[in-house]
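The values are calculated or read from the model by the stated rules, or taken from the named source; none is laboratory data. Given the structure is predicted, the values throughout are model-derived calculations rather than measurements. Note that we place each Cβ from the backbone using ideal geometry, even for glycine, and neighbour counts take in every protein chain shown. For accessibility, only protein heavy atoms count, side chains too; no ligands or nucleic acids. Shrake-Rupley method; radii C 1.70, N 1.55, O 1.52, S 1.80 Å.
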Amino acid sequence: VILDRHSRLNSAELEARLKATNFGDGQFPVDQITEFVNLMQVYEGAMYEISTKLEVLDEEFQVRFSHNPVHHIERRLKSISSILGKLERRELPKTVESIKDNLFDVAGVRVICNYRDDVYSVSNYLSAQSDIQVLRVKDYIKNPKQNGYRSLHVIYAVPVFLSSGAHYTPVEVQFRTIAMDYWASLEHALRYKTDLPDVKLSEHSQTLLDCARSLQNIEVQMQNIHRDINGAPQVDEA
Ligand code: GTP
Ligand code: MG
């Protein structure tokens, strides 16, 4: 199952929205709008290529091992306002060139796996594919963030073949388990809840950290049951 977090990209609509949006002082240069729309189409292509590769891998696992490692996939293109907001925060120029050089998460794919073993097998098989390159890996599963966040982030460069040839395009892929996703959704909601008193915020943050640890323990136990009934060796990873 693939969930598109936004409707499919429509060039005319995107161009109209870009022209209608007021980006304040550092406006997006009007002469770059067409180039920007074209660029977004390339990111979209790269996002679809990665999703297809993941679906093919998932199908293969189903056929060979009667097991679907991928629970579901989510994907999204970064919105225009998020792109401009990020460039602004980093004090980078608002140009197509600057997007290409500095932003690696314009195309984003989130792979929600059933078990932790699945996270690593799917990501390893994808990373080994000869037509794509691994640009960066951040393993927040082996090294969780201070707040308890866990996920494996890999940035791939994917060739998108256009009339002008192959364009290697970055896609940020976040691999995580259902439990990690469950946790990250709530933590994300808390992060954007700006009207909470500080006391409540820190209380909830602490509870979330405890939840992250509990979920990790539950995951290891369930992973071991799953390994056992599938004849794989058990490993204590808690
Ligand atoms: P930014 O993309 O600017 O955040 O920097 P980065 O590319 O160094 O980020 P990183 O790879 O650490 O994380 C990128 C994405 O992972 C974010 O956009 C989120 O979707 C997700 N993420 C990272 N940290 C957290 C976290 O603490 N909580 C949640 N809910 N999501 C996170
Ligand atoms: Mg990012």
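Ranked highest first by the average count of other Cβ atoms within 10 Å around their residues, in what order do 108-120, 147-159 fall? Please report the intermediate quantities before stating the final value.
Numbers: 108-120: 22.0, 147-159: 20.1.
Ranked from most to least packed, the peptides come out as 108-120, 147-159.
Give the accessible area for Glu172 in Å² (nearest 10); use a 1.4 Å probe, count only protein heavy atoms, and leave out ligands, DNA and RNA.
Solvent-accessible area, nearest 10 Å²: 30 Å².
Calculate how steeply helix 116-127 sits against the longest principal axis of the alpha-carbon atoms of the chain, using the helix alpha-carbon long axis, and give the answer as 0 to 90 degrees to the nearest 10.
40
Quick one: order Ile229, Ile178 from most to least accessible surface, probe 1.4 Å.
Ile229, Ile178
In whole Hz and in residue order, list the ³J(HN,Hα) couplings for the range 73-86 that follow from phi through the Karplus curve 6.51 cos²θ - 1.76 cosθ + 1.60, θ = phi - 60°; x for Gly and Pro.
The phi angles translate into 10, 10, 8, 7, 9, 4, 6, 4, 5, 5, 4, 5, x, 5 Hz.
Using modelled amide H (1.01 Å from N, peptide plane; none on Pro or chain starts), what sits under 5 Å from the amide H of Thr169, excluding residues fewer than 5 places away?
Val158, Val160
How do 217-223, 190-196 rank on mean C-beta neighbours within 10 Å, highest first?
Taking the mean over residues of other Cβ atoms within 10 Å, the ranking is 217-223, 190-196.
Please compute the contact order of the chain in relative form: average sequence separation of alpha-carbon pairs under 8 Å and at least six residues apart, divided by the residue count, as a percent.
18 percent.
Tell me which of Leu162, Asn147, Ala184 sits at the most positive position along the dipole axis of the chain, charges placed on C-beta atoms (Lys, Arg +1; Asp, Glu -1).
Asn147
Of Glu187, Glu55, which has the most accessible area and how do the rest follow, probe 1.4 Å?
Reading off the accessible areas and sorting them downward yields Glu55, Glu187.
With the dipole of the chain worked out from charges on the C-beta (+1 for Lys and Arg, -1 for Asp and Glu) around the Cα centre, which of Val122, His204, Val1 lies farthest toward the positive end?
So the residue furthest toward the plus end is His204.
For helix 11-20, what angle does its Cα long axis make with the longest principal axis of the chain, in degrees from 0 to 90 and rounded to 10?
Orientation of helix 11-20: about 70 degrees from the principal axis.
For the chain, which whole percent of the accessible surface, found with a 1.4 angstrom probe, sits on carbon and sulfur atoms?
The nonpolar share, carbon plus sulfur, comes to 52 percent.
May I ask you to give the average projected area over all directions of the convex hull of the Cα atoms of the range 34-106, in nm² rounded to one decimal?
Averaged projected area of the range 34-106's Cα convex hull equals 5.6 nm².
On C-alpha positions alone, give me the angle between the axis of helix 198-229 and the longest principal axis of the chain, in degrees, nearest 10.
60
Out of every Cα pair in the chain, what percent are spaced more than 27 Å from each other?
Roughly 44 percent, rounded to a whole number.
When DSSP beta bridges are limited to those with both residues in the chain, what percentage is antiparallel, rounded to the nearest 5?
75
Hey, can you rank 123-136, 35-48 by average C-beta count inside 10 Å, highest first?
35-48, 123-136
Could you give the dipole magnitude of the chain about its Cα centre, charging the beta-carbon of Lys and Arg +1 and that of Asp and Glu -1, in debye to the nearest 20? Display every interim value, and only then the final one.
Values: 27 positive and 33 negative charges, 65 e Å.
The dipole of the chain has a size of about 320 debye.
Taking every pair of alpha-carbon atoms in the range 133-238, what share in percent sits in each 5 Å bin, from 0 to the bin with the longest distance?
2, 10, 15, 16, 14, 13, 11, 8, 6, 3, 1, 0
Hey, what's the chain come to in accessible area per residue, 1.4 Å probe, Å²? Present the calculation step by step, with values, prior to reporting the outcome.
Details: 13380 Å² over 238 residues.
Counting only protein heavy atoms, the per-residue value for the chain is 56 Å².
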